[in-house]
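Read through the structure below, which is laid out as structure tokens, and then see the notes.
The values are calculated or read from the model by the stated rules, or taken from the named source; none is laboratory data. Just so it is clear, the structure is predicted and the values come from calculations on it, not from any experiment. Cβ coordinates were reconstructed from backbone atoms using ideal geometry, including for glycine residues, and neighbour counts include every protein chain displayed. Each accessible area value is taken on the protein alone, full model and side chains, heavy atoms only, with ligands, DNA and RNA left out. Shrake-Rupley method; radii C 1.70, N 1.55, O 1.52, S 1.80 Å.
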Amino acid sequence: MADVSKKVSWSGREEDGESTPLLNGTGTAGAQPARQYSSLVRIGQLSTVDLEDENQELETELSTNIVKEVTHSENLLSLKYESLDYDNSENQLFMEEERRINHAAFRTVEVKRWVICGMIGILTGLIACFIDIMVEKLAGLKYQVIKDNIDKFTEKGGLSFSLLLWATLNAGFILIGSLLVAYVEPVAAGSGIPQIKCFLNGVKIPHVVRLKTLMVKVAGVILSVAGGLAVGKEGPMIHSGAVIAAGISQGRSTSLKRDFKIFEYFRRDTEKRDFVSAGAAAGVSAAFGAPVGGVLFSLEEGASFWNQLLTWRIFFASMISTFTLNFVLSIYNRKPGDLSNPGLINFGRFDTDENSYKYFELPIFICMGAIGGMLGALFNALNNWLTMFRIRYLHRRYLQVMEAMLVAAVTATVAFVLIYYSADCQSLREGAVEYPLQLFCSDGEYNAMASAFFNTPERSVRSLFHDPPGTFKPQTLGSFTLLYFFLACWTYGLTVSAGVFIPSLLLGAAWGRLFGIFLTYIPNSVWADPGKYALMGAAAQLGGIVRMTLSLTVIMVEATGNVTYGFPIMLVLITAKIVGDFFIEGLYDLHIKLQSVPFLHWEPPVTSHSLTAREVMSSPVTCLKRREKVGIVVDLLSNATSNHNGFPVVENNGEAGQPHRLCGLILRSQLIVLLKHKVFVERENLSVIQGRLTLKDFRDAYPRFPPIQSIHVSQDERECLMDLTEFMNPTPYTVPQEASLPRVFRLFRALGLRHLVVVDNRNRVVGLVTRKDLARYRIGKNGLEELSLAQT
């Protein structure tokens with residue numbers, strides 16, 4: 001069985017590191033796994049996270065085998081991704097602490113949750129303000145310099161210098177932003193939404209909620225938008241909000257090595273998950289001014305667990321976030337109290353008579369939804385192919401930076417050429433365009449193509465929504481749509497911090513407005529307002545790419561301020577999703593699949609009832625006794641072929657060679673803390689050597705538990721015993737080996753489990769079901785498929 005000596009990251013960072021052993025480890029020394037996998041291969045390099053934690057970098061190189069690089073295949077599932085412990089370990093320590101807490105203390109904990117959610121909303125709103133102001137300053141400075149240069153050389157001749165200046169400024173901004181992402185924190189690349197979806201699904205994505213990630217994300221998105229790429233700053237706000245939530249809820253910063261000694265009760269994966277859900281919702285709220293849409297986004301796209309109290313807390317965080325952004329921007333714009341900037345993008349209000357719709361327009365909207373679904377499927381297919389190309393050939397960091405600079409320069413060149421050859425001159429209205437380019441137009445006129453390209457994407461979207469009829473010629477919108485489609489597709493997946501929301505909206509608004517212009521050629525078509533169809537096109541295109549329905553409907557309704565459009569937007573998004581899903585998956589799901597992440601969807605694969613727990617479980621299983629020798633535990637945790645993170649604790653039933661009866665489950669992280677604090681028993685009849693551990697000792701080590709290689713155990717200590725009784729979970733979830741795969745899947749997914757013990761009819765351990773055992777089954781072209789497990 002081949003091991004792999006390379007590490008792969010979401011960003012494509014290539015590093016030397018240890019290989020991760022096969023999950024289905026050995027039961028005892030010398031025993032072989034029940035299943036053998038024919039090929040363990042390295043999947044090239046992909047995009048945005050180191051698959052090992054910082055502490056694990058202390059571990060020694062476990063593999064010296066040389067593995068040939070192979071072509072990436074989607075039919076692989078990475079063994080390197082671990083799960084998060086979303087199920088509380090109800091051991092004796094936990095139960096004793098919970099019993100000591102009285103009603104008043106529980107109320108205090110609940111108040112703390114609300115306080116944390118409020119702090120998440122405030123900080124997310126402030127981060128959004130900072131990004132908005134910095135983008136406005138940097139982009140405004142850039143566009144003003146370029147405008148002055150173009151105006152100057154239009155009269156003198158030599159506009160090639162203007163093109164060179166534009167491309168150089170774009171590439172300069174992108175160079176800095178890409179260097180930050182590629183060399184400082186690769187997990188900050190992209191919008192971060194796929195990574196947050198994985199985190200909330202229960203997959204550990206290292207570094208995804210670190211302070212350094214937030215800093216690189218914020219700086220990167222400012223530079224990406226100011227650099228003129230076909231990107232938006234709204235998507236990364238979701239990742240930023242999640243990082244803020246994860247940091248605040250722990251009451252300390254492991255990056256800064258500061259512990260504020262607050263919120264210690266929430267230092268576990270279960271609590272962090274709920275706060276990260278609130279942070280993601282606050283990010284959506286700050287981006288679009290849509291607090292309800294933010295709550296629904298967390299529900300639809302992220303959360304693996306939900307209840308009523310959580311809904312209220314997340315809604316509270318979303319409301320605080322949008323209010324903070326609104327209030328601070330009103331002060332910045334010198335209009336204190338004028339709360340008219342609820343989000344980073346303001347679609348403007350669609351509340352005039354011209355914006356209303358007639359019943360006979362509904363089929364037209366459905367048709368636009370189908371177009372959006374097909375264009376979205378084409379976008380996703382092209383981007384999927386492009387990402388595969390990057391995996392194979394652009395996995396070096398300097399190549400990624402060079403590609404980002406190339407895209408920035410090409411974007412500037414395409415924009416300049418389109419503006420240069422455009423003959424669409426429009427009368428200059430007061431306040432219509434922030435940076436009007438006259439170029440070869442007559443005095444008092446401006447180049448209409450420039451209003452689409454020579455501006456931040458948010459302002460371009462708003463102009464397409466609200467500029468009066470006749471502002472854009474069909475040729476202008478047609479050429480812009482065609483070229484911007486390919487630019488946006490090429491841009492998504494670069495090693496920069498950027499989102500796909502706004503490019504999708506801008507692209508859809510352009511062809512939607514074009515669609516509306518064609519409708520005006522119909523006699524007596526006073527109802528065909530181009531701005532209305534720009535809105536429907538924007539919804540169709542975004543829905544066709546990301547495949548969101550419920551949350552996106554509410555986001556669009558809240559951002560437009562007109563609930564009248566709720567029904568047609570819903571029709572458009574449902575149609576776009578149905579049509580798009582017929583061809584290919586959504587963009588975020590594609591990138592998750594390309595990472596070979598063991599992602600569990602809401603429902604098990606259909607037609608999987610023929611499989612039982614016995615067929616999908618990992619076996620044999622490494623088990624521990626209630627009182628186990630320290631040396632055996634150390635050797636087990638150090639063994640490269642036994643990479644379990646949970647170990648069933650069993651009782652000897654006296655039958656030689658027979659499975660032992662299950663009496664509990666203990667985690668690798670708990671064993672490491674016990675070894676670190678040397679909680680040993682010298683002999684069978686003696687008590688623990690040191691003082692009794694508390695849950696605080698485990699919470700202080702969370703989330704960066706030390707590697708086993710950093711813990712020294714003497715030869716004498718190896719002969720001592722470890723009593724696991726009060727630290728193990730005495731009531732782990734179990735299933736009989738005859739349980740069907742759908743039943744096992746629903747139990748595992750609904751409860752947020754990491755380990756599910758499979759027992760026989762005498763409660764003896766026969767196997768262990770983990771996330772990877774379930775995720776490797778999926779529906780393919782030929783029905784139910786089983787993915788290969790690989791060291792990636």
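Some points to look at:
- Over segment 559-657, volume per residue of the alpha carbon convex hull, in Å³: 259 Å³
- Net length gained if the chain between TYR421 and LYS152 were fully extended (0.36 nm per residue, minus Cα distance): 95.0 nm
- Solvent-accessible ranking of GLU301, GLU110, largest area first, probe 1.4 Å: GLU110, GLU301
- Rg/Rh for segment 473-539 stands at 1.09; both radii use Cα atoms, and Rh follows the Kirkwood definition.
- Look at the dipole of segment 302-450 built from charges on Cβ: of TYR420, ALA370, TYR359, the Cα furthest out on the positive end belongs to ALA370.
- Using a probe of 1.4 Å, the accessible surface attributed to MET405 totals some 60 Å² when neighbouring protein chains are kept in position.
- Beta bridges by DSSP in the chain, antiparallel share as percent, to the nearest 5: 80 percent
- Calculated FRET efficiency, ARG718 to GLU264, Cβ-Cβ distance, R0 = 30 Å: about 0.35 to the nearest 0.05.
- Helix 457-466 vs. the chain, principal-axis angle (Cα, 0 to 90°, nearest 10): 50 degrees
- Taking only protein heavy atoms and a 1.4 Å probe, the accessible area of the chain is 59% carbon and sulfur.
- Shape class for segment 302-444, computed from the alpha carbon gyration tensor (a ≥ b ≥ c): rounded, with a/c under 1.5.
- Those lysines that a straight Cα-Cα span of less than 25 Å connects to LYS142, excepting residues fewer than 8 apart in one chain: LYS152, LYS156, LYS217, LYS233
- Distance between modelled label sites at VAL526 and THR413, nm, 7 Å Cα→Cβ extension: 5.0 nm
- Amide H within-cut-off set for LYS625, under 5 Å, with H built and near neighbours excluded: VAL650
- For the chain, accessible area per residue (1.4 Å probe, heavy atoms of protein chains only), Å²: 39 Å²
- Dipole orientation for the chain: of the candidates CYS117, TYR533, LEU165, CYS117 has the Cα lying most toward the positive pole (charges on Cβ; Lys, Arg +1; Asp, Glu -1).
- Environment charge at LEU636 (Cβ cut-off 13 Å; Lys +1, Arg +1, Asp -1, Glu -1): +2
- Counted charge near MET402, where neighbours are those whose Cβ lies closer than 14 Å (Asp, Glu -1; Lys, Arg +1): +2
- Applying 1/(1 + (r/R0)^6) with r as the Cβ-Cβ distance of GLN709 and HIS609 and R0 = 41 angstrom yields a FRET efficiency of 0.40.
- Contour excess over end-to-end distance, with Cα ends at LEU784 and VAL145 and 0.36 nm allotted per residue: 224.2 nm
- Cleavage-rule hits (GluC sites (Glu not before Pro)) in segment 366-434: DSSP loop, at most 12 neighbouring Cβ within 10 angstrom: GLU430
- By the Cβ rule of 4.7 Å, the chain holds the following cysteines without a possible disulfide partner: CYS117, CYS129, CYS198, CYS367, CYS489, CYS623, CYS663, CYS720.
- With the convex hull of its Cα atoms as the shape, segment 382-532 has an orientation-averaged projected area of 10.0 nm².
- Simple spin-label estimate for THR731 and TRP385 gives 5.6 nm between the two label positions (7 Å along the Cα-to-Cβ direction from each Cα).
- The chain - mean residue ellipticity at 222 nm from DSSP helices (-39,500 (n - 2.57) per run, n ≥ 4, rounded to 500): -16000 deg cm²/dmol
- Projecting the Cα positions of SER83, TYR143, PHE130 onto the charge dipole of segment 62-204 (unit charges on Cβ atoms of Lys, Arg, Asp and Glu, taken about the Cα centre) puts TYR143 furthest along the positive direction.
- Chymotrypsin sites (Phe, Trp or Tyr not before Pro) restricted to segment 476-522 and DSSP loop, no more than 12 other C-beta within 10 Å: TYR521
- Shape annotation for the chain: C-alpha extents along the principal axes are 98, 60, 49 Å, from largest to smallest.
- THR564 versus ASP700: modelled label distance in nm, points set 7 Å from Cα along the beta carbon direction: 6.4 nm
- Rounded tilt (10° steps) of 397-421 against the dominant C-alpha axis of the chain: 20 degrees
- Heavy-atom accessible surface of SER427, to the nearest 10 Å², is about 80 Å², with a 1.4 Å probe and all protein chains retained.
- For the pair PHE440 and ILE133, a Förster radius of 22 Å applied to the C-beta separation gives a FRET efficiency near 0.05, rounded to the nearest 0.05.
- Derived scalar couplings ³J(HN,Hα) [segment 518-523; Karplus, 6.51 cos²θ - 1.76 cosθ + 1.60; whole Hz; x for Gly, Pro]: 4, 5, 5, 6, 6, x
- Solvent-accessible area of LEU386, all protein chains in place: 20 Å² (probe radius 1.4 Å, heavy atoms, ligands and nucleic acids excluded).
- Of the trypsin sites (Lys or Arg not before Pro) in segment 343-431, the ones in a loop by DSSP (not H, G, I, E or B) with at most 10 other beta carbons within 10 Å are LYS358.
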